[in-house]
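Any read-out appearing in this document is the output of simple, stated calculations on the displayed coordinates, not a laboratory observation. Note that the structure is predicted; figures quoted are calculated from it, not measured. Neighbour counts run over all protein chains shown; Cβ positions are idealised from the backbone, glycine included.
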Amino acid sequence: MRPSLLLLPGMMLDQRAFTAQMAFLSPTVDVAVGDLSKGDCVEEIARHVLDEAPARFALAGLSMGGIIGFEIWRQAPDRITHLALLDTTPHADRPDRSQQRLDQMAAVDQGQLRDVITTALTPQYLAVKNRVDTVLLQEILEMGLSLGPQVFRSQSMALMSRPDSLPILSAIDCPVLVLCGRDDTLCTVAIHQLMAESIPYADLVVLAECGHLSTLEEPLAVGRALERLLGRNGARP
């Protein structure tokens with residue numbers, strides 16, 4: 001029986017964030033992308049994702065997708081066979097980051113979504129070498145604009161109010177991939193090292209010259225890492 005893999009994109013990203021991984025894995029894996037646009041708290045978003053998910057599935061979350069992945073684990077751990085945490089964090093939002101989100105929400109409410117994406121978000125997301133990749137920059141912008149201001153607001157609210165997931169890490173008992181770009185300044189290598197050390201069955205992968213959006217910056221490397229994860233025995237010990 002073919003394994004099922006559910007992919008969860010980052011904030012203001014959609015299925016296009018996983019185009020390369022879907023093409024790479026789909027010959028042997030049933031791949032779907034979850035919708036993170038429904039709800040303004042992680043608990044509600046996770047419930048919507050679970051309503052549409054297979055009975056049992058591997059889960060891979062990029063950035064906000066990983067944060068929702070922690071909540072899905074809280075709600076339905078027995079449904080998850082494998083877990084990939086990509087450029088994400090188990091920590092609750094910092095006060096300074098929450099204030100930054102409030103400022104960005106105010107700008108978006110004034111019709112400045114394009115400016116927020118191009119000047120406030122994208123430069124933080126990418127490794128320096130990728131910040132001049134016009135094709136990549138345009139793809140990120142198009143994803144954000146297609147989701148629109150209301151999704152920006154609801155996802156920002158969800159991230160601001162998310163719980164601390166550090167206490168659950170030691171209870172995650174399926175095979176886990178913890179992966180990040182070495183140049184990820186939002187969710188640093190140190191955060192991923194902490195996760196890998198705290199989760200019993202975690203493998204850590206750090207990609208050189210890659211920032212926060214690893215699935216877009218190093219698409220083949222991420223696809224291969226997911227393939228290796230799915231090849232691990234998913235049975236609980």
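What do you get for Rg/Rh over segment 61-161 if you use C-alpha atoms and the Kirkwood form of Rh?
Taking Rh as the inverse mean 1/r over Cα pairs, Rg/Rh reads 1.00.
I'd like the distance between the alpha-carbon centres of segment 191-228 and segment 33-106, rounded to an integer number of Å.
Result: 17 Å between the Cα centres.
Rounded to the nearest 500, what is the chain's calculated 222 nm mean residue ellipticity when only DSSP H runs of at least 4 contribute -39500 (n - 2.57) each, over all residues?
Computed mean residue ellipticity for the chain: -13500 deg cm²/dmol.
Pop a pseudo-label 7 angstrom from the Cα along the beta-carbon direction at both Ser98 and Ala23 and give the gap in nm to one decimal.
Each label point lies 7 Å from its Cα, and together they span 4.2 nm.
Points 7 angstrom from Cα along the Cβ direction at Arg114 and His91: gap in nanometres?
Simple spin-label model gives 3.4 nm for this pair.
Compute, for segment 45-196, the length of the dipole vector about the Cα centre, with Cβ point charges of +1 (Lys, Arg) and -1 (Asp, Glu) only. Units Debye, rounded to 20.
Dipole size: approximately 120 debye.
Using just the Cα positions, wrap segment 148-214 in a convex hull and report its mean projected area in square nanometres, one decimal place.
The orientation-averaged projected area of the Cα hull of segment 148-214 comes to 5.5 nm².
Determine the gain in length on full extension of the stretch Gln124-Ala32; use 0.36 nm per residue of separation and subtract their C-alpha separation, reporting nm with one decimal.
Going from the current span to full extension adds 30.4 nm.
Of Gly144, Val31, Ala17, which is farthest along the charge dipole of the chain in the positive direction, counting Lys and Arg as +1 and Asp and Glu as -1 at C-beta?
Val31
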